[in-house]
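These notes concern the structure reproduced below.
The values are calculated or read from the model by the stated rules, or taken from the named source; none is laboratory data. From a predicted model like this one, the values you see are computed outputs, not experimental measurements. Virtual Cβ from ideal backbone geometry, glycine too; neighbours counted across all protein chains shown. The protein model used for the area step is the full one, side chains on, heavy atoms only, and it has no ligands, DNA or RNA in it. Shrake-Rupley method; radii C 1.70, N 1.55, O 1.52, S 1.80 Å.
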Amino acid sequence: MSSGIIITFAGIHRNIMAKINLKGMGVALITPFKANGEVDYTALSRVVDYQLQNGTDYLVVMGTTAENPTLTKSEQQEITQLVITKVNGKIPIVLGVGGNNTRAIVDRLKTEDFSGVDAILSVVPYYNKPSQEGIYQHYKCIAEATNLPIVLYNVPGRTGVNMSAETTLRLARDFENVVAVKEASGNMTQIGTIIKGKPQDFQVISGDDGITFPLITFGAVGVISVIGNAFPKEFSRMVRLALAGDYQNAMDIHYRFTELFELLFVDGNPAGVKSMLNMMGYIENELRLPLIPTRITTYEKIRAILQELNIKC
């Protein structure tokens, strides 16, 4: 495992509790597609190699950035297995297993083989708009269905409902394998409340590249990053500097990427980061409907910034 990442397994994950340290920069992997719409497994392998060679601390597979809702079950399985094989234990792998049907998630956790997966990332149920008690009961069922570490994922801009600080802290206290939260609410007061009141071993992770630096100064342990797909070396260095208390040098890197943070999402995620990887020669600039590539104007703005940053494109 990479430096700073500690995985402890005492036995088979169904029977023995696993723990994971998610300090540093995780990357929410994109899914490359060919011009004909098929998954580009060769390009995916290239992107994973790029991550392994440039300081990424762990990979998140089958998250929102992977365009997961547009992938078939067999594609999801093949992508996951490719990443597990390619990584070969060098860094941890966190797998996205979420949805708005609690029973289906529980069944999957109880019946599928999660060999090679170090933790589960599970999003707050979307579209249904459950109450806080409904969110708690949803995660209670998930936590009791597996001994793998569970990372909660709060992203109200996508799900339509916010998981409150109180609900997050209740889950963190009640279930040993609820080990972290990826917080993408953008609500600094809420995130600060979680950091202040959390159990000692519970980890708060930024779900937004643009506020990662200030959140680390609050006490977050790092980020699950989108921009890290394109800039793993630079962004992981920023995270490490901030975690080490070298705020000035971390801030310098943070401000280099300020314009890109905005352009990443102006035409939807992962359109922005896919355009960057395309310019850098790693993937074709393809997404699956209903997502489409960035507008030409956005693409050219991104290209101009990359050239200013002396990135070959």
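So that you can scan it fast, the table gives a plain yes or no per residue for (1) closer than 20 Å to P69 by Cα; (2) modelled with pLDDT of 95 or more; (3) under 20 Å from the mean Cα position of the chain (by Cα):
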| residue | (1), (2), (3) |
| --- | --- |
| S122 | yes, yes, yes |
| A145 | no, yes, no |
| T168 | no, yes, yes |
| A172 | no, yes, yes |
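Taking first residues from region 178-189 that are acidic (D, E) and partners that are open to solvent by less than 10 Å² (accessible area, probe 1.4 Å) and not in a strand (DSSP E or B), the Cβ contacts under 7 Å between residues at least 6 apart in sequence or on separate chains come to E183/I191; E183/I194. You will find that of I292, I311, I283, I296, the residue that is at pLDDT 95 or above, surrounded by fewer than 18 Cβ atoms within 10 Å (Cβ to Cβ), among the hydrophobic types (A, V, I, L, M, F, W, C) and more than 18 Å from R158 (Cα to Cα) is I296 and no other.
Annotation: of all residues in region 66-90 being open to solvent by less than 10 Å² (accessible area, probe 1.4 Å) and either hydroxyl-bearing (S, T, Y) or in contact with a helix residue (DSSP H, G or I) (Cβ under 9 Å, 6 or more places away or on another chain) (or both), the one that is nearest to A271 (Cα to Cα) is A66. The residue that is nearest to M62 (Cα to Cα), counting only those in region 246-264 that are within 20 Å of the chain's Cα centre (by Cα) and open to solvent by less than 40 Å² (accessible area, probe 1.4 Å), is L264.
The residue that is surrounded by the most Cβ atoms within 10 Å (Cβ to Cβ), among those in region 149-173 that are in contact with a helix residue (DSSP H, G or I) (Cβ under 8 Å, 6 or more places away or on another chain) and farther than 17 Å from V204 by Cβ, is V161. Remark: S236 matches the filter, which requires a residue to be among the small types (G, A, S), in a helix (DSSP H, G or I), crowded, with 17+ Cβ neighbours inside 10 Å and in contact with a helix residue (DSSP H, G or I) (Cβ under 8 Å, 6 or more places away or on another chain). The residue that is most open to solvent (accessible area, probe 1.4 Å), counting only those in region 26-52 that are free of Cβ contacts under 8 Å to residues at least 40 places away in the same chain and assigned to a helix (DSSP H, G or I), is T42. Considered as a group, the residues in region 204-233 that are part of a helix (DSSP H, G or I) and touching an Asp or Glu at 6+ places or on another chain (Cβ under 9 Å) include one that is most open to solvent (accessible area, probe 1.4 Å), and that residue is G210.
Here region 131-144 is the region considered, the condition is being surrounded by fewer than 20 Cβ atoms within 10 Å (Cβ to Cβ) and not aromatic (F, W, Y), and the residue that is nearest to G207 (Cα to Cα) is Q132. Scanning region 101-127 for residues that are closer than 14 Å to G160 by Cα, free of Cβ contacts under 8 Å to residues at least 40 places away in the same chain, buried (at least 16 other Cβ atoms within 10 Å of the Cβ) and out of contact with any His (no Cβ under 9 Å at 6 or more places or on another chain) gives a single hit, Y126. Out of region 265-280, which residues are open to solvent by less than 20 Å² (accessible area, probe 1.4 Å) and either closer than 11 Å to A230 by Cα or part of a helix (DSSP H, G or I) (or both)? Passing the criteria: A271, G272, V273, K274, S275, M276, L277, M279. Inspect region 70-87 for any residue being under 28 Å from G160 (Cα atoms), β-branched (V, I, T) and without any contact (Cβ under 8 Å) to a residue 12 or more places away in the chain and give the result as yes or no. Yes - at least one qualifying residue is present in region 70-87.
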